[in-house]
Amino acid sequence: MSAPDFAMTIATGSILGATITQPSPTLLMGALALLSLFAIQWAIAFLRRRSEAFSQCIDNQPVLLMAGSTILHENLHQANLTENDLMGKLREANACNFDQVLAVVFETTGDISVLHSTSDTPVDPRLLQNVRDADRLSSP
């Protein structure tokens, strides 16, 4: 779920809750507020698809947390994660040792992706497009 989607979910719940439980705002006002909210979400989604500059202002950039077996502590700090959070995600991804890790990315959605392999297969550069510090991965 993206940040605008999350905000939309919270706002929709708030409007519905206020409309249903209180005499003011009226049901019509609540419906208009929801309609406005959906129109704003549609406009934001449209602008994100059409404008790279707008998309960069709205969306977070994925961040590289591990380059191979090297933990990038400054990126962990920027993502407000601890090394324990990272270790938990590595275990969840069935990485048995650091030598299996090709890259770990903190995604724009807040998820952590672990790219791992038991062979020397390089990571396709398209997978790391727009990932901050992706250049820190060693080239084959």
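FYI, it's all coordinate maths here, none of it is from the lab. Not measured: the values here are computed from a predicted model. Quick reminder, even Gly has a Cβ in these numbers, built from the backbone with ideal geometry, and neighbours come from all protein chains shown.
Key figures for this structure:
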read-out	value
All positions within the range 92-140 that are free of Cβ contacts under 8 Å to residues at least 40 places away in the same chain and within 10 Å of GLY68 (Cα to Cα)	PHE98, ASP99, GLN100, VAL101, LEU102, ALA103, LEU115, HIS116
Residues satisfying the stated conditions in the range 8-22, i.e. surrounded by fewer than 14 Cβ atoms within 10 Å (Cβ to Cβ) and within 21 Å of GLY110 (Cβ to Cβ)	THR9, ILE10, GLY13
